[in-house]
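Since every read-out is calculated from the coordinates, none of them should be taken as a lab result. Bear in mind that the values here come from a model prediction, so they are computed numbers and not experimental data. Cβ coordinates were reconstructed from backbone atoms using ideal geometry, including for glycine residues, and neighbour counts include every protein chain displayed.
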Amino acid sequence: MFDNQNILGEADKLVNGDRQEAYGDAVKSLDRIAKLWSAILGKDIEGQEVGLCLVALKISRECGKHKMDNLIDGAGYFALIEKYYKGKESN
């Protein structure tokens with residue numbers, strides 16, 4: 001199925017490994033997405049709200065059809081929200 005044999009382990013591996021290397025700092029990424037969404041929607045969106053909306057997307061997909069990817073990505077997005085808050089606290 002996947003390397004770490006559990007959803008949280010696989011999500012951690014992605015968030016702190018492959019995805020971090022590919023997309024860079026989570027706080028900057030969520031803030032960048034928030035700015036884009038703010039421009040599109042015409043209202044202010046914050047980085048943690050981006051993470052929550054991405055979790056909601058995965059919940060919706062999981063309600064439609066079970067896929068491990070939905071669970072792993074949902075856990076990963078929650079981990080990004082945690083990183084976001086920790087990153088904001090340290091600034």
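Quick one: in the stretch 47-70, of everything that is more than 12 Å from the chain's Cα centre (by Cα) and of a type outside the set (K, R), which residue is surrounded by the most Cβ atoms within 10 Å (Cβ to Cβ)?
Our first condition is that a residue be more than 12 Å from the chain's Cα centre (by Cα); within the stretch 47-70, this holds for 59-69.
Checking the rest, the ones that are also of a type outside the set (K, R) come to 59-60, 62-64, 66, 68-69.
On the way: I59: 13, S60: 10, E62: 16, C63: 9, G64: 9, H66: 10, M68: 12, D69: 13.
Across the stretch 47-70, the extreme among qualifying residues is E62.
Take the residues in the stretch 25-73 that are in a helix (DSSP H, G or I), among the small types (G, A, S) and out of contact with any Asp or Glu (no Cβ under 7 Å at 6 or more places or on another chain), then tell me which one is nearest to L14 (Cα to Cα).
Applying the filter and picking the extreme gives A26.
Tell me which residues, restricted to the stretch 12-58, are of a type in the set (S, T, Y) and touching a helix residue (DSSP H, G or I) at 6+ places or on another chain (Cβ under 6 Å). Before you say what the answer is, go through the steps one by one.
Taking the stretch 12-58 first, the residues of a type in the set (S, T, Y) are 23, 29, 38.
Listed by number, the residues that qualify are Y23, S29.
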